[in-house]
Amino acid sequence: MSAILYIRKLNQIMSIPVTSPIQRAFALAIALALSSFSFAQDISDPASIPKNSFQWNQQERELGFLHFDEVFDGREVPNGDHVHELPQGLPIDAFSTGGEKERELEDFLAEQKVAGLLILQDGMIRLERYALGLSETGRWTSQSVAKSVTSTLAGAAIKDGYIKSVEDYVTDYIPDLKGSAYDKVTLRQLLTMTTGVRWIESYTDPNSDLTRLFTVPTDPGMDQIVSYMRRLPAEAEPGTKWVYKTGETHLLGVLVSSATGQTLSDYLSSKIWVPYGMEQKATWILDRTGQELAGCCLQMTLRDLARFGQFVIEGGRINGESIVPDDWFPTATHTQVPVWGYLGYGYQWWTYADGTFEALGIHGQMIHIDPARHLVVAIDSAWPEAESNERRAADSKFLNTIAKEIDKE
């Protein structure tokens, strides 16, 4: 029900003649119920969505993820004229109509609030599905999947000679961090989130660093991210403790921009989006001082999300030459820091004991890469929760189903 229709209904109800206080109370109760229903349902314009995405309800989330660059200010990542084709491959029979896994697929899509699912094998599309308003041409926000893109740009900057080594100090490229807890932190430690700098990552706590990063005033003339991160204290020696920190990937983006003298969007466009052949432009959300939020918020089509996974599985090679050092992806996508059990962390990639690795974002965003099977699975989602062990387990179960069906062929 639209807001206009709600107002009309409310006026009609409140103008009904009543003969007793009970009737009047009943009419008021109906009006309040209509009010609650209407405001919960009347979300159709991205401009009406609140700016704090951590507080969105489910309807706001589904619309907002589809129009993230209309809700927040961003910068375009231009594509070129050449398109890296994704030819249609044979469908996975078990997931086809009437297949033995058709119901499992449909349940997964519905229960996990999946907006887009694309399975590539050997660079060919084997399954592609859309929902929640997303289409082949629509852009969906990446959330923290962008971290793996930012990591790759750091590798490109080393290959291009803008950065000497992962052993360089962060302050060599961000002088405003001198005198802070980042004084003896290397690029490798920033990439692996082992800086030893204290950070609280919470999507619900208004006093967490993730929230305060956007509310604390910025020092005059300084980048918003740097201004906040330079105030954080150390809690461990660099290289001795792993803590997941979105703020540090934002800082990594500042470092790459500082080293290259380019915006992250322009560098991404020139190194990957144009030469590899992404089909459509992307957008990258900016902080208050005009720097890309490198730890999140890169919007692209589902096919271009999968293309990035294919680019990685091909070793970052374009026209036969890698844009990153030869040892970059073997290092970046393998465990540099054990996290828990079979789970590890590389250079902004989640790594697993079976050789697979993933770029992950809250609310269910994913690029799953399985080099042994030449497999890329890209997923756009709108989970009701930012993080959920149960939903991650459901993702893993479905990915295992995909692998088993491919192994049968």
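I'd like to know if region 214-223 contains one or more residues that are part of a loop (DSSP other than H, G, I, E, B), without any contact (Cβ under 8 Å) to a residue 40 or more places away in the chain and either surrounded by 23 or more Cβ atoms within 10 Å (Cβ to Cβ) or touching a Lys or Arg at 6+ places or on another chain (Cβ under 7 Å) (or both). No, region 214-223 contains no residue that is part of a loop (DSSP other than H, G, I, E, B), without any contact (Cβ under 8 Å) to a residue 40 or more places away in the chain and either surrounded by 23 or more Cβ atoms within 10 Å (Cβ to Cβ) or touching a Lys or Arg at 6+ places or on another chain (Cβ under 7 Å) (or both).
With the structure loaded, tell me whether Thr211 is open to solvent by less than 60 Å² (accessible area, probe 1.4 Å), modelled with pLDDT under 95 and not basic (Lys, Arg) or whether it fails that test. Criteria met by Thr211.
Taking region 126-140 as the range and being in contact with a helix residue (DSSP H, G or I) (Cβ under 8 Å, 6 or more places away or on another chain) and over 21 Å from Ala110 (Cβ atoms) as the test, only Arg139 passes. Restricting region 103-137 to residues that are farther than 29 Å from Leu63 by Cβ and outside any loop (DSSP other than H, G, I, E, B) leaves a set whose member that is most open to solvent (accessible area, probe 1.4 Å) is Met124. Of note, Ile163 does not satisfy the criterion of being in contact (Cβ under 8 Å) with a residue 12 or more places away in the chain and either among the polar types (S, T, N, Q) or part of a helix (DSSP H, G or I) (or both).
Every residue, every condition in (1) of a type in the set (Asp, Glu); (2) closer than 20 Å to Gly295 by Cα, yes or no:
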| site | (1), (2) |
| --- | --- |
| Leu305 | no, yes |
| His334 | no, yes |
| Thr351 | no, yes |
| Thr356 | no, no |
| Leu360 | no, yes |
| Pro371 | no, no |
| Ser396 | no, no |
| Ala403 | no, no |
| Asp407 | yes, no |
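Scanning region 329-358 for residues that are assigned to a strand (DSSP E or B) and at pLDDT below 95 turns up just one, Trp340.
Here Asp81, Asp69 are screened, and the one residue that is assigned to a loop (DSSP other than H, G, I, E, B) and acidic (Asp, Glu) is Asp81. Taking region 314-328 as the range and being open to solvent by 50 Å² or more (accessible area, probe 1.4 Å) and either in a helix (DSSP H, G or I) or of a type in the set (Lys, Arg) (or both) as the test, only Arg317 passes. Among the residues of region 159-176, at least one is at pLDDT 95 or above, touching a Pro at 6+ places or on another chain (Cβ under 6 Å) and either farther than 30 Å from Asp45 by Cβ or open to solvent by less than 10 Å² (accessible area, probe 1.4 Å) (or both). Of all residue pairs spaced 6 or more apart or on separate chains, those with beta-carbon atoms under 7 Å, a first member in region 299-326 that is farther than 16 Å from Leu268 by Cα and a second member that is at pLDDT 95 or above and assigned to a helix (DSSP H, G or I) are Ile313/Pro371; Gly315/Phe329; Pro325/Gly155; Pro325/Ile158; Pro325/Lys159. Ala306 - would you say it is within 16 Å of the chain's Cα centre (by Cα), in a strand (DSSP E or B) and within 25 Å of Tyr130 (Cβ to Cβ)? Criteria not met by Ala306. Here is the figure for region 75-102: residues that are open to solvent by less than 40 Å² (accessible area, probe 1.4 Å) and within 26 Å of Cys296 (Cα to Cα) total 3.
Taking residues in region 279-295 that are touching a residue at least 12 places away in the same chain (Cβ under 8 Å) and farther than 30 Å from Pro87 by Cβ, and partners anywhere that are part of a strand (DSSP E or B) and open to solvent by less than 10 Å² (accessible area, probe 1.4 Å), the pairs with Cβ atoms closer than 7 Å and at least 6 places apart or on different chains are Leu286/Glu292; Glu292/Trp284; Leu293/Ile285.
The values are calculated or read from the model by the stated rules, or taken from the named source; none is laboratory data. If you're wondering where the values come from, they're calculated on a predicted model, not measured in any experiment. Note that each Cβ is placed from the backbone with ideal geometry, even for glycine, and that neighbours are counted across all protein chains shown. Just the protein is used for accessible areas: all its heavy atoms, side chains included, with ligands, DNA and RNA removed. Shrake-Rupley method; radii C 1.70, N 1.55, O 1.52, S 1.80 Å.
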